[in-house]
Amino acid sequence: TVRVWSLSNPQSPPLRLLGHRGTVQSVAYSPDSTKLVSAGEDGTVRVWDLSRPGIATIFRVPHAQALSTAFSPNGEEIAAGSSDGSVRIWNLRTAAQPTVLHGNSGSVWSVTFSRDGRYLASGAADRTIRVWDLRALAQPLVLRGDTGEVRSVVFSADSRALLSGAGDGTVRIWSLSNPHAAPLILSGGSAQGAVRSVAFSPDGRRVAAGSEDTQIRIWELRATRAPDVSLRMGSRSVETVAFSPDRTELAFGDGGDLDTWSMAPGARASLVPLTKTAVQSLAFSPSGKILAVGAADDVIRLVDTNGRVQRVLAGHTGGVWSVAFNRAGNLLASGSADGTVRVWNLEHADAPPLVLSVGSGGQIYTSAERACFLPIVIAVHQRDVYSVAFSPDGRYLAAGSADEEVRIWDLRRPDDPPQILRGHQDYVCSVAFSPDGKTLASGSGDNSIRLWSLTHPSPPPVVLAGHSDNVLSIAFSPDGERLASGSSDGTIRIWDLSQPQALPLVLARDQGRVLAVAFNADGSVLASGNADGTVHVWDQAAALAAIDCQLVWRNLSMDEWRFFVGEAIPYERTCSNLPSGLGAPQNAPAAEP
């Protein structure tokens, strides 16, 4: 029996489709969901019209069981794998004799079409995967490596990879652009029984597998998009990055040096030696004429655009982890390992800073702990202030510290106790206000990001989870619609704040901890500083376009191009990995990135 349940009315009884004489081995919907195909051990493949559920078109597999079935992307063909090792393809419009594909020496447990309909893959009991090019129907590509029957196969959205689940309990991803390469075997809990079903999520960022041990396993796949620019300035970690307000310069701290890189094409980075100790934080003034540089030698240096130190702010008794200007540029806040936040009035050079204390001084962990920006150490001050940020209107100052708390001071009433936000289970490594000042984000060593509403403080914060290690740095895009986060897990994630529970865009490098992230002034570019001594720069439009092209299965049709783009512009494939749309030239060039 085939049963169809209504998910919009789950309490109603299912529609029952009767006709098979024995076990139904596989079912699949047509792309428009108006039809359903089923394969059974009675050797029949039945196509059910769901508008007339009592009627089915029947196709037969002679002298064998039908074990697997699938619709083509255009809904005009169905494929079925059988117990005799063959794969049959029927055309539903012509109802002609099927095309029969041979080669497997065991039951074909799974068949799948690529999203463009060009390829068909099968997984079989002979431990092989075969991939046929349906335009040529030459000898198939044969993938070997599974040590058990291949029970399930599915193409990635761009048809460049194939996912398989096998009787040996493993899940593999095969590169079809490099078929001779060894497949990626997904680790993290191999099944204790055969993997019966595998699937990519619609956006291609996750893989799920169901197995005979009653477990469902889900892996998150890291994006492979490379940065548009990579700079290696030394072997020491890059702990901080910042863009100039006019978007022409990127500054970053590399060990004891301040490096600047011009965003102009063909420009090179320049080096400004500053200290013999590590540069731990920096920030451009709103005018772009001054850089505040906090270092491990406890002082802050104000540096002009020529690299000359104009002023030194002394007073901290610990390394300066974070510096931030207010929007007017007359105040500078600093957070330090001495457990204090200092607010410096830059218009009055002789005025002492406002000192805001965090935690009870002197407390030290005696067991091994991980500070936000350091490797594992034995003694870490519980009071370190790792991050400070002004609200957009300059009234409030937030700080994240090693005591797992976020504090917010009202600078109009600095003697009042700060508001304390609790919930993190480890160091608070980074804080940032949204551009409208209504939300405060905090990143923590507990691998999470919390979004605190400042207009409605009673609801619990929204928690963004996905990083597998410390969240070291966060930054809002200038429009407030995205949040970037850098982590010790080697990834950068970009979260869509309009749907915070959706999967983020993941930019992966796997070359060490991501210590700092920053957007430029219009949000078009994201930079990161890394523990491996590199700075990476991503063009956000290109990165987001690459993700969009994983979510669709074709380019615009010619009619759509004329309507949305216009006839004056020649047709291009906006997604280079996908075929042209209906009516468009099949050899159309790909659009420039």
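Before moving on, here are some points about what is shown:
- Of all residues in the stretch 449-467, those satisfying the criterion of being surrounded by 15 or more Cβ atoms within 10 Å (Cβ to Cβ) and closer than 21 Å to residue 358 by Cβ are 449, 450, 452, 454, 461.
Residues checked against (1) open to solvent by 60 Å² or more (accessible area, probe 1.4 Å); (2) modelled with pLDDT of 90 or more:
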{"position": "295", "(1), (2)": "no, no"}
{"position": "302", "(1), (2)": "no, yes"}
{"position": "308", "(1), (2)": "yes, no"}
{"position": "312", "(1), (2)": "yes, yes"}
{"position": "319", "(1), (2)": "no, no"}
{"position": "329", "(1), (2)": "no, yes"}
{"position": "339", "(1), (2)": "no, no"}
{"position": "370", "(1), (2)": "yes, no"}
{"position": "377", "(1), (2)": "no, no"}
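- Residue check, residue 384 at pLDDT below 95, of a type in the set (Asp, Glu) and buried (at least 20 other Cβ atoms within 10 Å of the Cβ): yes
- Filtered residues of the stretch 9-32 (kept if closer than 15 Å to residue 92 by Cα and of a type in the set (Ser, Thr, Tyr)): 29, 30
- Subset of the stretch 57-116 [over 16 Å from residue 154 (Cα atoms) and of a type in the set (A, V, I, L, M)]: 58, 61, 64, 66, 89, 92, 95, 96, 100, 101
- Whether a residue is part of a loop (DSSP other than H, G, I, E, B) and in contact (Cβ under 8 Å) with a residue 60 or more places away in the chain was assessed, and residue 478 does not pass this test.
- Residue selected from the stretch 211-248 under the condition open to solvent by 60 Å² or more (accessible area, probe 1.4 Å), at pLDDT 75 or above and not in a loop (DSSP other than H, G, I, E, B), by the criterion farthest from residue 295 (Cα to Cα): 216
- Within the stretch 162-175, if we keep just the residues that are farther than 17 Å from residue 196 by Cβ and surrounded by fewer than 20 Cβ atoms within 10 Å (Cβ to Cβ), the residue that is modelled with the highest pLDDT turns out to be 173.
- Leading residue by the ranking (farthest from residue 27 (Cα to Cα)) among those in the stretch 110-148 that are β-branched (Val, Ile, Thr) and in a strand (DSSP E or B): 142
- For the stretch 87-132, a residue qualifies if it is within 39 Å of the chain's Cα centre (by Cα) and among the hydroxyl-bearing types (Ser, Thr, Tyr), and the qualifying residues are 107, 110, 112, 114, 119, 122, 128.
- Residue in the stretch 291-298 that is touching a Cys at 6+ places or on another chain (Cβ under 9 Å) and under 22 Å from residue 516 (Cα atoms) present: no
- Criterion (modelled with pLDDT under 95 and open to solvent by 10 Å² or more (accessible area, probe 1.4 Å)) met by exactly one of 516, 508, 475, 432: 508
- Within the stretch 177-201, the set of residues being under 21 Å from residue 114 (Cβ atoms), open to solvent by 40 Å² or more (accessible area, probe 1.4 Å) and at pLDDT 85 or above comprises 197, 199, 200.
- Within the stretch 93-106, the set of residues being open to solvent by 20 Å² or more (accessible area, probe 1.4 Å) and either in contact with a strand residue (DSSP E or B) (Cβ under 7 Å, 6 or more places away or on another chain) or in a strand (DSSP E or B) (or both) comprises 98, 99, 100, 103.
- A single member of 142, 154, 131, 207 is β-branched (Val, Ile, Thr), over 30 Å from residue 503 (Cα atoms) and touching a residue at least 40 places away in the same chain (Cβ under 8 Å), and it is 131.
- Taking the criterion of being open to solvent by 60 Å² or more (accessible area, probe 1.4 Å) and not aromatic (Phe, Trp, Tyr), the residues of the stretch 117-140 that qualify are 118, 127, 135, 136, 137, 138, 139.
- Tally, over the stretch 141-153, of residues that are buried (at least 22 other Cβ atoms within 10 Å of the Cβ) and not polar (S, T, N, Q): 5
- So residue 559, is it exposed (fewer than 15 other Cβ atoms within 10 Å of the Cβ) and at pLDDT 85 or above: yes
- Residue count, the stretch 277-291 (criterion: assigned to a strand (DSSP E or B) and either closer than 20 Å to residue 478 by Cβ or polar (S, T, N, Q) (or both)): 6
- Selection status of residue 130, of a type in the set (D, E, K, R) and within 19 Å of residue 66 (Cα to Cα): yes
- Residue within the stretch 539-554 that is at pLDDT 85 or above and farther than 19 Å from residue 440 by Cβ present: no
The values are calculated or read from the model by the stated rules, or taken from the named source; none is laboratory data. Computed from a prediction, not measured in an experiment: that's the story for all the values here. Glycine gets a Cβ as well: all are built from the backbone with ideal geometry, and neighbour counts include every protein chain shown. Note: accessible area is taken over every heavy atom of the protein model, side chains too, but ligands, DNA and RNA are not part of it. Shrake-Rupley method; radii C 1.70, N 1.55, O 1.52, S 1.80 Å.
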